[in-house]
Each structure stands twice: as C-alpha cells, then as structure tokens.
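This report refers to the structure that appears directly beneath it.
Just so it is clear, none of the values below were taken in a lab; they were calculated from the coordinates. Only a predicted model underlies this, so the values are computations on that prediction, with no experimental measurement involved. Cβ placement follows ideal geometry from the backbone for every residue including glycine, while neighbour counts extend to all protein chains displayed.
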Amino acid sequence: MSSNNQGNEQGREPGKLRAARRENADPVEQANPVPKVVMGLVLGLVVWAVGYIFVQEAGGDVSLGDRRDPSTLTAAVGGAVDGAQVFAARCAACHQANGKGLAGVFPPLAGSPWVTGDPDTALQIVLHGMTGPIDVLGTTYNGAMPAFAEQLSDAELAAVLTHVRATWGNAAAPIDTAAAAAARAATATRGEPWNGTQEIATALAAAPK
C-alpha cells in the first residue's frame with residue numbers, strides 16, 4: 001500500500017512543478033524617481049513665485065489688473081451713495097423690498113406719513129431706533145426699530161431716506177448729507193432708542209435751532 005502511495009505521489013510531482021512554473025512572480029515595487037527635468041521645472045516655478053511676491057509693488061502697472069486707472073477707482077469709492085443698495089442691505093429684511101412691511105409686525109414705508117413727513121423725525125428714527133407703539137396707516141405697531149447711527153454714515157443715511165421718500169408711490173423731497181449730519185449732531189449724546197414718536201417731537205422742539 002505504501003509503495004503504491006509513493007508511486008502516485010511521484011507521478012503527481014511533475015504536474016505540480018509545471019503549475020508552479022506557469023505562475024507569474026509576485027509583484028515587486030520598483031523605484032521610479034521623478035524625472036530631473038520635472039523637478040527642475042517645479043523648483044524653478046517655486047523660486048519665481050516667491051521672487052514675484054517680494055519684487056511686485058502694491059501700486060504696480062494697472063495693465064496687469066482690470067486696466068482701470070487708479071484715479072477712476074478712487075473716484076468710484078468717493079462717489080454718490082446708492083440709497084437703493086443701502087435699503088436692500090439694511091432695511092429690506094424687515095420692511096420688505098416692496099416697502100409694504102409685514103402686517104402687524106413691521107410697518108410699511110409705502111405711503112407712511114412718518115416717511116414722507118418731517119425729515120428730521122425720519123432721520124432720528126433711523127439714527128437711534130425706536131421702541132413703543134407707533135400708528136402707521138391706521139394700524140398700531142409695537143415692535144423695536146434698531147439704531148443705525150453706528151452702521152450708516154451721513155451720506156448713507158441721507159441716501160437711504162431719499163430713496164424711501166421717493167419710492168413705492170412716495171413723493172417727498174430728498175434729504176441731503178448736511179441735513180443728516182445736523183440730525184446726528186443734534187442728538188449725538190443719545191445712547192438709547194426713542195420711546196415713541198412723541199419723545200422725538202419733544203426732543204426736536206427743545207433742540208437749539
């Protein structure tokens with residue numbers, strides 16, 4: 001029996017060797033360094049970029065940018081303020097883009113006598129904000145108007161009020177920057193919102209002319 005088994009194993013041995021020879025060798029990771037030409041290009045670009053940062057002047061040739069003359073850019077910065085943009089950024093979230101506000105929550109600006117009436121009252125409301133009840137077009141609102149004295153310049157204050165006084169059917173006179181500056185100076189020491197429109201009227205009546 002044992003000799004038969006040995007014979008069978010010997011007969012199968014050549015087949016195993018043949019199968020082993022047919023198998024591919026295990027993969028071996030080979031060293032493939034980055035070509036020297038590529039490394040040289042990368043190094044050259046890095047050196048150029050660093051040198052450009054240190055050599056380039058902040059007020060360099062405008063042709064490298066959008067081709068506008070620096071004097072044109074300076075004039076644009078100091079140009080007229082767009083009241084519509086100020087309104088969209090500061091006021092539209094509450095009073096809405098159509099100036100109608102939200103019923104019972106934020107009063108409308110369209111047709112509001114507080115907008116089209118005395119400009120000094122409107123300026124003070126925007127400058128210092130207001131709490132307490134206010135009647136607008138037959139509806140009483142009792143919310144809180146935030147102050148914008150710190151957020152808006154005199155030019156922006158005049159521009160946004162001029163915009164609302166001439167939009168959505170309103171047809172009141174514009175407000176200039178000088179009027180906005182005077183309103184700010186008249187109540188410069190105030191640090192809290194107005195408590196209703198009557199307090200504004202009293203303060204304006206007592207202010208030196």
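Assorted remarks:
- For ALA84, neighbours were defined as the other residues whose beta-carbon sits under 15 Å from its Cβ, and their charges (Lys and Arg +1, Asp and Glu -1) total 0.
- Close amide H pairs (under 5 Å, H built 1.01 Å from N) link GLY196 with THR131, residues at least 5 positions away or on another chain.
- Of the peptides 101-109, 151-159, 198-206, the order by per-residue mean of other Cβ atoms within 10 Å, starting with the highest, comes out as 151-159, 101-109, 198-206.
- Spread over its residues, the convex hull of the C-alpha atoms of segment 83-206 is 92 Å³ per residue.
- 3J(HN,Hα) from dihedral phi, segment 174-190, Karplus parametrisation 6.51/-1.76/1.60, rounded to Hz, x for glycine, proline: x, 10, 9, 4, 4, 5, 5, 5, 5, 5, 5, 5, 5, 10, 4, 8, 6
- Rounded to whole Hz, the Karplus (6.51, -1.76, 1.60) HN-Hα couplings of segment 88-104, x for glycine and proline: 4, 7, 10, 10, 5, 4, 9, 7, 6, 5, 8, x, 8, x, 10, 3, x
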